[in-house]
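Beneath this line is the structure, given in structure tokens, with notes to follow.
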Amino acid sequence: MANIFTQWKEGLARTSKAAFGQIATLLGATEISDETWDDLEAIMIQADLGVDTTQDMLFALDERTRREGIIFAKDLRAALKDELRRRLDSPPPLVFSQKPTVILIVGVNGSGKTTTIAKLGKRFTRQGYSVLLGAADTFRAAAVEQLETWAGRLNLPVISGQMGGDSAAVAFDSVQAAITRKTDILLIDTAGRLHTRFNLMEELKKVHRVVGKALPGAPHQVWLVMDATTGQNALQQARAFKEAVKVTGVILAKLDSSARGGMAFAIQKELGLPILFAGLGEKPDDLQPFDPDGFVAGVLE
Amino acid sequence: MFENLTERLENVFKELRRRGKLSEVDVDVAMREVRLALLEADVNYAVVKDFVARVRQRSIGAEVSKALNPGQQVIKIVHEELIATLGQPDRLNLAGPKPRVLMLVGLQGAGKTTAAGKIGRLLRKQGERVMLVACDPYRPAAVKQLQTLGDKLDIPVAYEQGVPPPEMAWRAFDKAQKGGYSVLILDTAGRSQLDDALMKELKAIASRVQVADTLLVVDSMIGQEAVNIAKGFRDSVSLSGLILTKMDGDSRGGAAISIRSVTGVPIKFLATGEGLDAIEIYDPARLASRILGMGDVIGLIEKAETAFDQKEAEKQAQKLMSGDFSLQDFADQLRQLRKMGPLGQLLEMLPGQLGQMAKSVSPQEAEQQLKLTEAIINSMTAEERRRPDILNASRRRRIARGSGTDVQDVNRLMKQFREMQKMMKTIKKTGGRGLPRLFGM
């Protein structure tokens with residue numbers, strides 16, 4: 001546990017440096033005033049928590065202050081941390097009981113899907129699973145090459161399609177290959193698409209369907225990769241993808257940027273989707289299981 | 001999701017019937033809503049604070065014009081102030097000795113490489129000789145991505161393996177100069193503004209070649225951090241323009257306000273789709289409406305204007321209003337509508353509730369319906385189109401056969417047409433009052 005926490009801290013070190021001590025300065029040894037509440041609001045909005053979550057938090061904190069008789073601003077810190085933490089679930093344990101377990105990776109353009117897949121591949125391999133990658137992003141220029149390069153570096157097998165080819169066909173082929181090769185985990189990369197593009201979302205549904213035809217019950221997991229710098233649109237994204245392809249979990253990529261990823265709270269609350277992993281850097285080892293405590297500390301620091 | 005600001009303010013001012021000046025109390029109530037709308041649009045907290053203070057100042061004591069209600073008056077001020085903050089669109093800087101160097105910078109996944117391709121295509125169309133330069137040796141296959149785009153567009157891509165980006169930029173510059181190229185577009189690696197080593201690399205590039213335009217490429221879905229990111233880049237390289245990408249999504253794009261407020265650099269382009277031609281000069285009024293959640297009404301109108309033949313449209317409108325509207329006119333209108341582009345894209349431009357509703361409509365189905373309607377009308381004789389009353393059962397059967405539809409389809413169309421005629425007559429009587437409400441204005 002301590003180890004995980006250190007990795008988080010290292011990953012977030014750059015972030016923290018930028019805003020270090022913000023909360024400590026704001027919640028000093030003074031009595032709680034209107035200004036304190038304004039400052040709290042500013043911190044939460046600027047961490048991309050969104051208007052609704054922020055208002056909900058302020059309400060809860062206000063009530064708590066009265067109930068517990070908190071007078072000094074500095075004592076709000078613990079309450080704030082606690083309230084935020086309560087709004088996040090720990091990621092559920094991942095069990096890959098099916099063989100192969102098929103995981104479909106989806107998301108908008110540029111969210112970090114391909115890099116995340118490489119990191120997941122490395123992680124699962126190290127845990128002793130055999131991993132196969134399916135490069136089903138046949139749309140974006142050189143997307144297949146990008147995944148192939150990663151596969152080469154990490155020594156992972158990959159099933160690729162032709163650029164401009166049928167994404168669903170590649171997905172189908174990779175499921176069949178995973179079955180034949182008795183692979184434990186198949187990770188399928190899909191093209192980035194904005195959730196508002198009707199046709200592209202239909203295409204994604206087709207990929208989902210075809211995977212289910214190749215192996216009944218598949219995909220067993222559908223993970224949405226989301227850029228941690230995303231603002232309020234994150235919720236619309238998550239909602240649309242969940243409706244289209246039954247997303248089972250979210251991966252927060254690029255959390256090592258200066259963004260704090262506060263929209264995770266709304267996604268958890270509104271859609272009940274757990275945050276599974278967080279990307280904390282560009283190296284293959286920089287993907288870590290989501291740690292709510294470390295995450296909350298990152299939001300506040 | 002969000003009610004749009006117009007609806008909200010109308011709610012706030014519902015009780016307020018009187019005209020005259022906006023009082024301080026009215027304005028404060030309105031400003032609460034404006035503030036929320038902007039925060040929900042991802043405009044930075046501190047930027048919102050300043051902005052609202054400015055609008056409040058302007059609104060108190062403002063005369064409510066005869067044509068508007070107080071809510072609309074506030075909207076008008078907010079809208080104007082947003083437009084002023086967003087500023088006028090600016091062109092690329094293509095002055096100075098050739099080749100002029102454009103450098104694209106930004107976070108990972110913002111859309112730099114795609115934007116490089118799009119701008120390359122645009123400039124080539126304007127008669128420039130363009131060369132793309134791959135300055136991202138880090139992300140796997142980033143170079144290949146640019147090369148693929150270059151191949152598709154038939155624009156050369158400069159790249160040498162193992163050459164660091166500043167040196168690469170210089171070599172490409174040299175090659176471009178000798179080869180008579182007029183524009184060089186540098187596609188740099190995605191980086192966080194906090195990454196010292198990579199930020200130094202950008203400075204190094206800018207010191208090796210003279211950059212005419214440094215464009216910050218920003219994902220329009222970005223949240224509150226937009227401000228710090230823009231500051232970080234501005235402090236390392238002198239930014240001269242902004243490109244907002246993925247504008248075809250449903251984000252409100254408030255980051256544009258944040259970045260403009262902080263850096264003051266002009267917005268040069270909006271990227272609006274997957275195709276390499278999906279890049280636009282931005283329009284401040286349209287973006288302001290979008291940030292306020294009012295939909296791209298102006299965009300819709302513009303699209304209509306370019307597709308519609310003005311004279312034809314006027315004639316149609318007159319016919320419509322006079323109630324003398326035949327099926328032939330209806331068919332003409334459908335053809336005009338189809339010229340405006342895919343129906344799905346049009347539907348997405350609708351504001352607020354209408355826009356939300358439109359999302360639940362399958363564009364394919366709507367498109368299919370349109371085709372069906374056209375087919376039915378095309379299977380009628382000229383006489384039938386002029387005088388639909390003569391359509392008896394036998395004629396209807398013939399039309400159904402001719403258009404590959406059922407008699408029920410023909411009947412349904414006739415019913416719709418009748419209703420439309422009736423509606424037009426009502427509008428004529430009421431003088432069109434209540435129509436603008438359709439657009440939430």
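Return a yes/no flag: does segment A:15-23 have any residue that is open to solvent by 80 Å² or more (accessible area, probe 1.4 Å), within 13 Å of chain B (Cβ to nearest Cβ) and modelled with pLDDT under 95. Yes, segment A:15-23 contains a residue that is open to solvent by 80 Å² or more (accessible area, probe 1.4 Å), within 13 Å of chain B (Cβ to nearest Cβ) and modelled with pLDDT under 95. Of the numbered criteria (1) surrounded by fewer than 24 Cβ atoms within 10 Å (Cβ to Cβ); (2) in a helix (DSSP H, G or I); (3) not hydrophobic (A, V, I, L, M, F, W, C), the one B:Thr114 fails is (1). Looking across segment A:275-284 at every residue that is in contact with a helix residue (DSSP H, G or I) (Cβ under 7 Å, 6 or more places away or on another chain) and not aliphatic (A, V, I, L, M), the one that is most open to solvent (accessible area, probe 1.4 Å) is identified as A:Pro284.
Looking across A:Gly121, A:Gly134, A:Gly152, one residue alone is out of contact with any Pro (no Cβ under 7 Å at 6 or more places or on another chain), in contact (Cβ under 8 Å) with a residue 40 or more places away in the chain, farther than 26 Å from B:Gly249 by Cα and part of a helix (DSSP H, G or I). It is A:Gly121. Here B:Ala331 fulfils each of the conditions (1) open to solvent by less than 40 Å² (accessible area, probe 1.4 Å); (2) modelled with pLDDT of 85 or more apart from (2).
Screening segment A:30-92 for helices (runs of 4 or more DSSP H) wholly inside it with 1 or more residues that are modelled with pLDDT under 90 and either surrounded by 16 or more Cβ atoms within 10 Å (Cβ to Cβ) or not basic (Lys, Arg) (or both) returns the ranges A:34-46, A:73-86. For segment A:193-238, a residue qualifies if it is surrounded by 24 or more Cβ atoms within 10 Å (Cβ to Cβ), closer than 22 Å to B:Asp250 by Cβ and either of a type in the set (Gly, Ala, Ser) or over 20 Å from the mean Cα position of the chain (by Cα) (or both), and the qualifying residues are A:Ala228, A:Gly231, A:Ala234, A:Ala238.
For segment B:137-155, taking the residues that are among the charged types (D, E, K, R) and under 29 Å from the mean Cα position of the chain (by Cα), the one that is farthest from the other protein chains (Cβ to nearest Cβ) is identified as B:Asp154.
For segment B:156-169, what are the residues that are β-branched (Val, Ile, Thr) and away from chain A (no Cβ under 13 Å)? Once the filter is applied, which keeps residues that are β-branched (Val, Ile, Thr) and away from chain A (no Cβ under 13 Å), segment B:156-169 yields only B:Val163.
Yes/no matrix, rows are residues, columns are (1) modelled with pLDDT of 95 or more; (2) of a type in the set (Lys, Arg); (3) under 22 Å from B:Pro89 (Cα atoms); (4) assigned by TED's automatic domain parsing to the domain that holds B:Ile257:
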| position | (1), (2), (3), (4) |
| --- | --- |
| B:Asp174 | yes, no, no, yes |
| B:Lys178 | yes, yes, no, yes |
| B:Ala197 | no, no, no, yes |
| B:Glu201 | yes, no, no, yes |
| B:Ala204 | yes, no, no, yes |
| B:Val211 | yes, no, yes, yes |
| B:Thr214 | yes, no, yes, yes |
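Per the conditions (1) under 16 Å from B:Gly223 (Cβ atoms); (2) away from every other protein chain (no Cβ under 14 Å), the sole criterion not satisfied by A:Pro274 is (1). Out of the residues in segment A:155-164 meeting the condition of being within 14 Å of chain B (Cβ to nearest Cβ) and of a type in the set (Gly, Ala, Ser), tell me which one is surrounded by the most Cβ atoms within 10 Å (Cβ to Cβ). This residue is A:Ser160. Within segment A:189-246, the set of residues being in a helix (DSSP H, G or I) and of a type in the set (Gly, Ala, Ser) comprises A:Gly212, A:Ala214, A:Ala234, A:Ala238, A:Ala240, A:Ala244. One residue stands out among those in segment B:218-261 that are among the acidic types (Asp, Glu) and within 8 Å of chain A (Cβ to nearest Cβ): the one that is surrounded by the fewest Cβ atoms within 10 Å (Cβ to Cβ), which is B:Asp248. Within segment B:91-110, the set of residues being open to solvent by 20 Å² or more (accessible area, probe 1.4 Å) and either at pLDDT below 95 or not charged (D, E, K, R) (or both) comprises B:Arg91, B:Leu92, B:Asn93, B:Leu94, B:Ala95, B:Gly96, B:Pro97, B:Lys98, B:Leu107, B:Gln108, B:Gly109. Consider A:Ala178 carefully, then state whether it is more than 14 Å from every other protein chain (Cβ to nearest Cβ) and in a helix (DSSP H, G or I). So A:Ala178 passes the test. Against the criterion of being within 10 Å of chain A (Cβ to nearest Cβ) and open to solvent by less than 20 Å² (accessible area, probe 1.4 Å), B:Ala278 does not qualify. If you go through segment B:39-61 and pick out every residue that is more than 8 Å from chain A (Cβ to nearest Cβ), farther than 16 Å from B:Glu225 by Cβ and in contact (Cβ under 8 Å) with a residue 60 or more places away in the chain, you end up with 2.
Inside segment B:265-291, residues that are touching a helix residue (DSSP H, G or I) at 6+ places or on another chain (Cβ under 9 Å), closer than 23 Å to B:Ile229 by Cα and not in a strand (DSSP E or B) make up a count of 8. Looking only at residues in segment A:133-154 that are within 21 Å of the chain's Cα centre (by Cα) and more than 24 Å from B:Gly117 (Cβ to Cβ), the one that is farthest from the other protein chains (Cβ to nearest Cβ) is A:Gly134.
Can you name every residue in segment A:178-193 that is among the hydroxyl-bearing types (Ser, Thr, Tyr) and either under 17 Å from A:Leu94 (Cβ atoms) or in contact with a Cys (Cβ under 6 Å, 6 or more places away or on another chain) (or both)?
Of everything in segment A:178-193, just one residue is among the hydroxyl-bearing types (Ser, Thr, Tyr) and either under 17 Å from A:Leu94 (Cβ atoms) or in contact with a Cys (Cβ under 6 Å, 6 or more places away or on another chain) (or both), namely A:Thr183.
Taken as a whole, the structure leaves A:Ala259 outside the set of residues that are out of contact with any Cys (no Cβ under 8 Å at 6 or more places or on another chain) and farther than 16 Å from B:Asp42 by Cβ.
The values are calculated or read from the model by the stated rules, or taken from the named source; none is laboratory data. Computed from a predicted structure; not experimentally measured. Heads up, the Cβs are rebuilt from the backbone with ideal geometry, glycines too, and the neighbour counts pull from every protein chain shown. The accessibility values were calculated without ligands, DNA or RNA, using every heavy atom of the protein model including side chains. Shrake-Rupley method; radii C 1.70, N 1.55, O 1.52, S 1.80 Å.
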